[in-house]
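The values are calculated or read from the model by the stated rules, or taken from the named source; none is laboratory data. Bear in mind that the values here come from a model prediction, so they are computed numbers and not experimental data. Cβ placement follows ideal geometry from the backbone for every residue including glycine, while neighbour counts extend to all protein chains displayed. When the accessible area is computed, the model is the full protein with side chains, heavy atoms only, and any ligands, DNA or RNA have been set aside. Shrake-Rupley method; radii C 1.70, N 1.55, O 1.52, S 1.80 Å.
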Amino acid sequence: MSTRSKIIFRKFLKWRYQNISNKKFINIASAVVGLLAGLAAVTIKNLVHFIQALLEGQFIKEIHQAFYFIFPIVGLLLVLLVKRKLIKEKLGHGIPSTLFAISKQKGMMPRYQMWASLITAPLTVGFGGSVGLEGPTVSTSAALGSNFARLFHLNQTTRTLLMGAAAAGAMASIFKAPIAAIVFAVEIFSLELTMASLIPLLLASISAVLTSYFFFGDDVLLHFNLQDKFAFNDVLFYVLLGVISASVSIYFSKIYFRIDTFFRGIANTYKRLLIGGVLLGIIIYFIPPLFGEGYDTINNVLRGTIEPVIISNIFHTATDNVWVVITFLIGLILFKVVATSFTFGAGGVGGIFGPTLFTGSVTGYVFALIINTSNIFSHQLSLTNFAMVGMAGLMAGILHAPLTAIFLIAEITGGYELFVPLMIVASISYIITKKYIPHNIYHKQLAERGQLLTHDKDKNVLMLLDINKVIETNFVLLNPEMTLGEIVNNAVAKSSRNHFPVVNKDNEFLGILTLNDIRSIMFDKELYEKVKVESLMHSALEIIYLEKDTTEEILNKFKRTGAWNLVVLKEGKYYGFISKSRLLTAYRRKLIEVTA
């Protein structure tokens, strides 16, 4: 920004402070952020379509089947080159990186995250990476919201709100489902649903969905026409579908976590790309419906036209044998998460929302098809209705977002005809999955590190605290060989503290000496040369490990020990002390800041 631009911008900020209240400006900012989110969603989607159109050109189309497995590797290699040569920064997974920014970076997302996924996600998905675009779109939009807030010097609470509004805008633009988008922002980002936050979320969703209508017209991502109404006789089967959805959700999550752990154990980036890319290419070569996001497959399933899905494989599976069809569809369910995990493991950029919908639609369809084919029951189920409700079951299970699942599918179907079965399947799937998978894919790593924001306001405040700011380091250090005379003259006389950490020459913590430990002998000069620190010091009641302990765990250590001061170690070395009073003061200030 030039000097003249800066002057004009400062004048605008001054005018804004004088003429526009903070509440009004937040509403305006939310609408603008929603517009930006809508543009980001349109850009990412169009870039993917452009890349796929190139791959399906006349020349490439002739060799498309034979070299199917090459495309994902090429895309992943391009992604790696963009990361190394252009971005030159670590690019985390979309929604988890956004949640981390909210919980531990005060809602500040780096500027490169506003554009990085606009390049890497289309390259990943366009060349066949078996992931979704929703995650990158949400993270890009959240980064736009974060940096917009920073540009106008908005506080942390407002920054977080605009990030949530941007996320809602992204989802509203993708699915043209503004209500479900708001619910998504509340469920996934743990936003407080008050009037102060609801209006910005609404405005962002409205402006984003209008942007989507402007560019795409009435075209929607998921094509579904409700043909069969909900029948009471179907209730038992929807209950069974809820249980099946939970089982598939648990399978999906566990396979994802295991493959993710495997690739994390491979240090070499190029080795990860080679292993993941080759395995992904092989899977897609044998099962082409796993290529890319998979919305073509989802829409075919929702229309009940399963033939294009079945015949698109090298075996050219016959569709006249229904059990062969069922076997193939079960294969899609089992291998979609594998393909998705290989894409991420190889360094691809994408999300799991799309794969979740893919797996859910096929799960619901297969379940209904098995019931209808088995002839155990005289009752025939609606294949398309169960496919649609199956998506809600998997969203509730894998993403732990039952309300998002219910409202998204309700909005897509254009009404509340399937609302009861959606509630049945989503609630059962969520309850069962939550028992075995406590944290969803978005939250797991953050939860393990104690960095996950929830709807528990007290825990959120603790998490948002910057623990480094409450550490005190102005203590006089002692070594074990120091005499009582040196303690009195060089430590007690020069310090206002009652605690003196004892360390060796490598700054490794050995123990503590307090004023009470020497109070009875500190004026006995005969002992000045006889008594040394090593005979007086004692071990700490508890130790705080800066890299490992969360703020909640630190408070628990104070509670267990009854201490007012605890020593802090950083990388195994002495670093300072934390006092309970200072920590509680910081907590109270942060609570006021967050709830203001």
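Restricted to helices (runs of 4 or more DSSP H) entirely inside the range 228-320, those with at least 1 residues that are among the polar types (S, T, N, Q) and in contact with a Phe, Trp or Tyr (Cβ under 7 Å, 6 or more places away or on another chain) are 295-303. So, in the range 284-306, of the ones that are without any contact (Cβ under 8 Å) to a residue 60 or more places away in the chain and under 18 Å from Gly350 (Cα atoms), which residue ends up least open to solvent (accessible area, probe 1.4 Å)? Going through the qualifying residues, I end up with Pro289. Test Ser312 against the stated conditions and say whether it is of a type in the set (S, T, N, Q), at pLDDT 90 or above and within 26 Å of Leu221 (Cβ to Cβ). No; evaluated as a whole, the condition is false for this residue. No other residue among Leu536, Leu510, Leu484 is touching a strand residue (DSSP E or B) at 6+ places or on another chain (Cβ under 9 Å), more than 30 Å from Gly107 (Cβ to Cβ) and open to solvent by 60 Å² or more (accessible area, probe 1.4 Å) apart from Leu510.
On the basis of being out of contact with any Gly (no Cβ under 8 Å at 6 or more places or on another chain) and either crowded, with 24+ Cβ neighbours inside 10 Å or part of a loop (DSSP other than H, G, I, E, B) (or both), does Val366 make the cut?
Yes; evaluated as a whole, the condition is true for this residue.
Of all residues in the range 333-363 being assigned to a loop (DSSP other than H, G, I, E, B) and out of contact with any Phe, Trp or Tyr (no Cβ under 8 Å at 6 or more places or on another chain), which is surrounded by the fewest Cβ atoms within 10 Å (Cβ to Cβ)? Write out each step before concluding.
From the range 333-363, those assigned to a loop (DSSP other than H, G, I, E, B) are 346-350, 352; that's our starting set.
Still in the running and out of contact with any Phe, Trp or Tyr (no Cβ under 8 Å at 6 or more places or on another chain): 347-349.
On the way: Gly347: 22, Gly348: 29, Val349: 29.
Ranking the qualifying residues of the range 333-363, first place goes to Gly347.
For the range 134-184, a residue qualifies if it is in contact with a Lys or Arg (Cβ under 7 Å, 6 or more places away or on another chain) and open to solvent by less than 10 Å² (accessible area, probe 1.4 Å), and the qualifying residues are Ser146, Ala149. Val131 meets the conditions (1) in contact (Cβ under 8 Å) with a residue 60 or more places away in the chain; (2) surrounded by fewer than 24 Cβ atoms within 10 Å (Cβ to Cβ) in every case but one. The failed one is (2).
So which of Gly242, Gly217 ends up being surrounded by fewer than 16 Cβ atoms within 10 Å (Cβ to Cβ) and either at positive phi or not hydroxyl-bearing (Ser, Thr, Tyr) (or both)? Break it down stepwise before answering.
On the way: Gly242 fails: surrounded by fewer than 16 Cβ atoms within 10 Å (Cβ to Cβ).
Going through Gly242, Gly217 in turn, just one is surrounded by fewer than 16 Cβ atoms within 10 Å (Cβ to Cβ) and either at positive phi or not hydroxyl-bearing (Ser, Thr, Tyr) (or both): Gly217.
Flag set for Ala121, criterion: at pLDDT 90 or above, surrounded by 21 or more Cβ atoms within 10 Å (Cβ to Cβ), among the small types (Gly, Ala, Ser) and touching a Gly at 6+ places or on another chain (Cβ under 9 Å). Put simply, of Asn516, Asn479, Asn498, Asn474 the only residue that is in contact with a helix residue (DSSP H, G or I) (Cβ under 8 Å, 6 or more places away or on another chain), modelled with pLDDT of 80 or more and open to solvent by 80 Å² or more (accessible area, probe 1.4 Å) is Asn498.
Would you say Val138 is touching a Pro at 6+ places or on another chain (Cβ under 8 Å) and not acidic (Asp, Glu)? Before you say what the answer is, go through the steps one by one.
Working: touching a Pro at 6+ places or on another chain (Cβ under 8 Å): no; not acidic (Asp, Glu): yes.
Spelling it out, it is not the case that Val138 is touching a Pro at 6+ places or on another chain (Cβ under 8 Å) and not acidic (Asp, Glu).
So is Thr585 among the β-branched types (Val, Ile, Thr) and either farther than 17 Å from Leu478 by Cβ or open to solvent by 30 Å² or more (accessible area, probe 1.4 Å) (or both) or not? Spelling it out, Thr585 is indeed among the β-branched types (Val, Ile, Thr) and either farther than 17 Å from Leu478 by Cβ or open to solvent by 30 Å² or more (accessible area, probe 1.4 Å) (or both).
Taken together, the residues in the range 80-102 that are open to solvent by 20 Å² or more (accessible area, probe 1.4 Å), in contact with a Pro (Cβ under 7 Å, 6 or more places away or on another chain) and modelled with pLDDT under 80 amount to 0. Contact annotation: residue pairs with Cβ atoms under 6 Å, 6 or more positions apart or on different chains, pairing a residue in the range 234-245 that is among the aromatic types (Phe, Trp, Tyr) with a partner that is assigned to a helix (DSSP H, G or I), are Tyr238/Pro421; Tyr238/Ile424; Tyr238/Val425.
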